[in-house]
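The values are calculated or read from the model by the stated rules, or taken from the named source; none is laboratory data. Everything numeric in this text was worked out from a predicted model, so none of it was measured. With ideal geometry, Cβ positions are generated from the backbone for all residues, glycine too; neighbour counts draw on all protein chains shown. Each accessible area value is taken on the protein alone, full model and side chains, heavy atoms only, with ligands, DNA and RNA left out. Shrake-Rupley method; radii C 1.70, N 1.55, O 1.52, S 1.80 Å.
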Amino acid sequence: MNFVLIFTFLVLISSSNSAWLDRRSESYECINVASDIFKPLEPLSPTDSPVTRCYNLELVLKDLAPDGFTRPVWTANGQYPGPILQANYGDRMIVNVFNKFGDPATIHWHGMFQKNTNYYDGPEGITQCAIPNNVTFTYNFTIEQDGTYWYHSHHLGQMIDGLKGPLIVYNPKDPYLGKYDFEYVMTLSDWYHTPTSILLQTFNSDSYRGFAPVPDSGEISGLGQYDCKAAPKNSTCNSNNKIATYVVKKGKKYRFRIINTSALVHYIISIDNHPLTIIEVDGTLVKPVTLNTIPINVAQRYSVIFDANQEIDNYQIRAHITNCVPIDNKTINFDSAINYDVTGILKYDGAKDKPPTSNPYHLNTSEECSDVNPNFLKPYFEQKVPQNVISTFKALVNFGTAVSGRGIALINNSSFVPSDNYPTLQKIVDGIKPDELSINDNPFTYECDSGNCENAAVEIFIINNTTDSHPFHVHGHDFFVLYNGKNNSDIKSPQESEFNFKDPVIRDVVTVLPNSTTVIRYSANNPGVWLFHCHIQWHLSLGMGAQLIESPSIFKNTTIPSDVTALCEKNRG
């Protein structure tokens, strides 16, 4: 779609924002964004005051072969992964989404707080209805944070089929600026050859008795190597697919922004001969900690710095897959030809074109299905844990069986089923009280003392009563990880004496280990309806989610933009 949109506007921002953010009156251009993930990322130049970044995303099906096997891919602007979107702290982001998929779509801006714009968060049935085919919808929100984020579909399994991409937000006051010379973005993902519309029909059927479908391959930045000998007859498959290759210059330092965009799998990432210094976790800067290998679960992000100080040569990038759920012969694709050791190349400028011969670091099995030890990760800037806890929830996570025989996931014995054509946000604004919501809405409701929301906090005990590990995500917030129970530890409630109140890690996705309890706490300063869920897409499809109904007495007076409500009218029509 070759066109440019020009707008002139005055953005009105709530009085709670700083005067600096209020100074935004300008013309802006909407661009049909494209990017090359294997080229160094050019940071945006600082501006005297916030500006508007406007991007056009056309959602189109395109036959691609990310791992050598050709299949239809749900793309943004024909790219997989989707193009890199960029902004500076304080900028307004406008994204015009043109849906040409042939089926509905939404986009969630993972990690964005969406203060005062809950209706642009993206999850279907929670804050909006899906964007119908051949309909254009505009997301419009202000970014008051910085770091490494991403965007992805929140409609059924569409994310698994390709609709996802990086979102990078810069801050000219980042203390690590000047500590590196160049930066790259790297995504990790699993990949399936069968579209999820087909997989979900089997996976969610009453007769299915297996576990989460096994991927066909793993990828680094959208490239993998599938064993084409395992491909079905009459399929198109290239055994010599490209290998993800990042070029560096000897003597320079690099920041890599690493994002796990998988549907299912956990990774352990490393680069031979190059220790990695973590400086950012899920959008929060941390004090530098250097590791040889880094575990990264679904939806998590790490920024790392390394020194390209080795001999000019090629070095293996290693992304070891850990499947953290069971597999049996009833599981879809249980006999997958997946290679659990995905590789790429760190190529020094001037090195010969030959395969790397470098040796791997020792793989620590204790990192499998886990996070980086939270005791290693200390916030760069001191942030005090809020002490005014206005509500505490216990979220008991389980698997179960519906009356029909279908496997389901449960939080507090209830399986989450969103109301796709009547989002919860709209219900509250329409006057429906939270206690009138369906049990399958899984609502957790709390109110802050009016006018004192900044000092209020909510605490959630995530009690994992399963043998799987679960990466749990909270929309609209990041959180302090006060306690992260060990694998197969006692799932009874830990005592406050065991909590880390001094310097807990802050993130927006935390891994809850099998048969253990994790405790998180966050500021209740963002009224709205926020999804709380396991980020394994197959578990979410089974109902492993809940809704945090935050201060409904405040947001019930929200005026939802007409283009948001119109989506529901189009879907009902």
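What to note about this one:
- Entirely in segment 106-169, the strands (runs of 3 or more DSSP E) that have 1 or more residues that are in contact with a Ser or Thr (Cβ under 7 Å, 6 or more places away or on another chain) and either at pLDDT 95 or above or basic (Lys, Arg) (or both): 136-142, 147-152
- So ASN484, is it touching a residue at least 12 places away in the same chain (Cβ under 8 Å) and at positive phi: no
- Applying a threshold of 6 Å to beta carbon distances and a minimum spacing of six or more residues, or different chains, the list of pairs starting in segment 541-563 at a residue that is over 19 Å from ILE432 (Cα atoms) and ending at one that is among the polar types (S, T, N, Q) and in a loop (DSSP other than H, G, I, E, B) reads GLY543/SER415.
- Of the residues making up segment 491-501, one or more are over 23 Å from SER551 (Cα atoms), open to solvent by 10 Å² or more (accessible area, probe 1.4 Å), touching a strand residue (DSSP E or B) at 6+ places or on another chain (Cβ under 6 Å) and β-branched (Val, Ile, Thr).
- When segment 112-147 is limited to residues that are farther than 13 Å from GLY476 by Cα and out of contact with any strand residue (DSSP E or B) (no Cβ under 8 Å at 6 or more places or on another chain), the one that is surrounded by the most Cβ atoms within 10 Å (Cβ to Cβ) turns out to be GLN128.
- Taken as a whole, the condition of being open to solvent by 50 Å² or more (accessible area, probe 1.4 Å) and among the hydrophobic types (A, V, I, L, M, F, W, C) does not apply to ILE305.
- Matching entry among LEU188, LEU163 (being among the hydrophobic types (A, V, I, L, M, F, W, C), under 24 Å from ILE94 (Cα atoms), touching a residue at least 40 places away in the same chain (Cβ under 8 Å) and open to solvent by less than 10 Å² (accessible area, probe 1.4 Å)): LEU163
- Each residue in segment 487-513 was checked for being more than 24 Å from the chain's Cα centre (by Cα) and under 21 Å from ALA299 (Cα atoms), and 0 of them qualify.
- Boolean, VAL289 is touching a Lys or Arg at 6+ places or on another chain (Cβ under 9 Å) and either surrounded by 20 or more Cβ atoms within 10 Å (Cβ to Cβ) or under 30 Å from GLN145 (Cβ atoms) (or both): yes
- Residue match in segment 229-236 (condition: within 30 Å of ALA76 (Cα to Cα) and open to solvent by less than 10 Å² (accessible area, probe 1.4 Å)): no
- Among the residues listed as THR392, THR365, THR466, the single one being touching a Phe, Trp or Tyr at 6+ places or on another chain (Cβ under 8 Å), open to solvent by 30 Å² or more (accessible area, probe 1.4 Å) and either β-branched (Val, Ile, Thr) or under 30 Å from LEU291 (Cα atoms) (or both): THR392
A quick yes/no check of all residues on (1) touching a Leu at 6+ places or on another chain (Cβ under 7 Å); (2) closer than 18 Å to SER516 by Cβ:
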position	(1), (2)
SER366	no, yes
SER370	yes, yes
PRO374	no, yes
GLN387	no, no
ILE390	no, no
VAL397	no, yes
ALA402	no, no
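Listed here are the residues, each with its yes/no results for (1) open to solvent by 20 Å² or more (accessible area, probe 1.4 Å); (2) within 24 Å of the chain's Cα centre (by Cα); (3) of a type in the set (Lys, Arg); (4) within 24 Å of THR284 (Cβ to Cβ).
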| position | (1), (2), (3), (4) |
| --- | --- |
| ARG406 | yes, no, yes, no |
| ASP420 | yes, yes, no, no |
| VAL429 | yes, no, no, no |
| LEU437 | yes, no, no, no |
| HIS470 | no, yes, no, yes |
| HIS475 | no, yes, no, yes |
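- Test: residue in segment 460-473 that is within 19 Å of VAL529 (Cβ to Cβ), in contact with a Ser or Thr (Cβ under 9 Å, 6 or more places away or on another chain) and in contact (Cβ under 8 Å) with a residue 40 or more places away in the chain: yes
- Among (1) more than 18 Å from the chain's Cα centre (by Cα); (2) over 25 Å from GLY528 (Cβ atoms); (3) open to solvent by less than 10 Å² (accessible area, probe 1.4 Å); (4) small (Gly, Ala, Ser), the one test that GLY90 misses: (2)
- Scope segment 311-358; condition under 19 Å from ILE294 (Cα atoms) and either free of Cβ contacts under 8 Å to residues at least 24 places away in the same chain or among the β-branched types (Val, Ile, Thr) (or both); matching residues: ILE317, ILE321, THR322, ASP341, VAL342, THR343, ILE345
- In the set (1) more than 17 Å from HIS274 (Cβ to Cβ); (2) open to solvent by 20 Å² or more (accessible area, probe 1.4 Å); (3) of a type outside the set (A, V, I, L, M), PHE203 fails one condition alone, (2).
- Every residue from segment 376-401 that is outside any strand (DSSP E or B) and free of Cβ contacts under 8 Å to residues at least 40 places away in the same chain: LYS384
- Lone unmet requirement of (1) open to solvent by 30 Å² or more (accessible area, probe 1.4 Å); (2) farther than 28 Å from ARG507 by Cα; (3) part of a strand (DSSP E or B) for ARG53: (2)
- Set VAL372, VAL429, VAL458, VAL397: member being farther than 30 Å from PHE211 by Cα, touching a strand residue (DSSP E or B) at 6+ places or on another chain (Cβ under 9 Å), at pLDDT 95 or above and not charged (D, E, K, R): VAL458
- Residue within segment 170-181 that is in contact with a Ser or Thr (Cβ under 6 Å, 6 or more places away or on another chain) and open to solvent by less than 60 Å² (accessible area, probe 1.4 Å) present: no
- Complete set of residues in segment 291-310 that are of a type in the set (S, T, N, Q) and either without any contact (Cβ under 8 Å) to a residue 60 or more places away in the chain or touching a Gly at 6+ places or on another chain (Cβ under 6 Å) (or both): ASN309
- Residues in segment 239-263 that are outside any strand (DSSP E or B) and either in contact with a Ser or Thr (Cβ under 8 Å, 6 or more places away or on another chain) or buried (at least 23 other Cβ atoms within 10 Å of the Cβ) (or both): ILE243, ALA244, THR261, SER262, ALA263.
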